[in-house]
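I have placed the structure first, in the form of structure tokens, so that the comments after it can refer back to it.
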Amino acid sequence: MYQLLAQLTTNPQRLARVRRIGRWLPQRLVIGLSWMLAVGLYLVVPRLRRHLQANVVHVLLDGSWLWRTGVCVRYLQHLLLLLYEVLIGIERLNCEHVLLEGTEHIEAALAQGRGVILYTPHQGNFFYSYWRLAQRYNCLTVGTAGSPELRPLYEQFHQLGCAGFDYDATSPRELIRGLRQHLQANGVVFLLGDFWRPNFPEASFFGLQSRTPQGAATFALEDNVPIVPCYSLREGKRHRLICQAPVHLGRSFGRKQRREATDELNEWMASIISENPSQWLYWFNCQERWEGDDQRLPEQSVGQALAA
């Protein structure tokens, strides 16, 4: 995926040509073309097909061959639409494209005066969701613009008023201090909890050993910041950002139980992703994040499941 993205974002002339053509395409046509291209990729690139199927089976465990095929094809379509939206469709973006649901939960959390963390996986069009939130609230987020193919995307959203820290260019101390100051000013922090780095703390995700950030748990346990779980969904031409009731981790965990609190948040993310698996971003490389001896699904079982 990153290689495909680099072909466009690192070549301004090519990106300008694609935008000139793409901006005239009706949305219904874009959706139809993305579906046909997704089916074509799935059928004619067996290595890609096997890779996606193996990742889906390894993480979700169940589902028939037909169900897994549907997940993988819809996932490829979702990736294509996501690329179109952040590279081309952004020029036509307005508030009607992203519906906010459950904002009363954000308001209730802000009423406590400690700020609020909106905790979400990389699902749906999370770029659009954050942009929509930034139109209504004083928001900060944390992203990763260290690679050349991603930087143009973050720069264009920054120009649209989407403020945030670059994880790869900001020291951990400065990052924590900046987010804490924003929360103390009763601001909104939009955190994507399923980022992965090999130096992140150990965690459990989908019942597998992995590494995920502990920032949300740290603020919740040390500063009593409420967390509002939320997730993005693509529904045709529109997107929904669904916010749920605030979670107060400090009522269930001690200040030093960041791992346990993070695992609980990860369990929620896994349940949300499992409900709409084709809209999770990381099926193309999630195999990189699993560690240890996975007793849940041995390698030979993966092969047997794919052959079923």
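The values are calculated or read from the model by the stated rules, or taken from the named source; none is laboratory data. The model shown is predicted, which means the values in this text are computed figures rather than measured ones. We place every Cβ from the backbone using ideal geometry, glycine too, and count neighbours over all the protein chains shown. Surface areas here come from the heavy atoms of the whole protein model, side chains and all, with no ligands, DNA or RNA. Shrake-Rupley method; radii C 1.70, N 1.55, O 1.52, S 1.80 Å.
Say a paramagnetic label sat at a point 7 Å from the Cα of ILE176, along Cα to Cβ; which residues of region 212-235 have their backbone N under 20 Å from it?
212-227
Suppose each label sits 7 Å from its Cα in the direction of the beta carbon; what would the GLN27-ARG136 distance come out to in nanometres?
Distance between the two pseudo-spin positions: 1.8 nm.
Within region 180-196, whose backbone N sits under 19 Å from a point 7 Å along Cα→Cβ of GLN112?
Within reach of a label on GLN112: 180-193.
Quick one: with all protein chains in place, what share of the accessible area of region 149-288 is carbon or sulfur, to the nearest percent (1.4 Å probe)?
Carbon and sulfur atoms account for 46 percent of the accessible area of region 149-288.
At 7 Å along Cα-to-Cβ for each site, give me the label-to-label distance between GLN209 and TRP67 in nm.
2.9
Take the alpha carbon atoms of region 15-84, find their center, do the same for region 199-239, and report the distance between the two centers in whole angstrom.
For region 15-84 versus region 199-239, the Cα centre distance is 25 Å.
Under 1.5 on a/c is rounded, so check that first for region 65-133, then, if it is not, pick prolate when a/b is larger than b/c and oblate when it is not; a ≥ b ≥ c are the square roots of the alpha carbon gyration tensor eigenvalues.
Taking the square roots of the gyration eigenvalues as a ≥ b ≥ c, region 65-133 is oblate.
Quick one: accessible area per residue over region 79-216, 1.4 Å probe, rounded to a whole number of Å²?
40
In nm, what is the difference between 0.36 nm times the number of residues separating VAL45 and GLN184 and their Cα-Cα distance?
My answer for the length gained is 45.0 nm.
Rounded, prolate or oblate, given the Cα gyration tensor of region 195-300, with a/c below 1.5 counting as rounded?
The shape class here is oblate.
Once you sort the root eigenvalues of the Cα gyration tensor of region 117-255 as a ≥ b ≥ c, which label holds: rounded (a/c under 1.5), prolate (a/b larger than b/c) or oblate (the other case)?
Because its axes are fairly even, with a/c under 1.5, region 117-255 counts as rounded.
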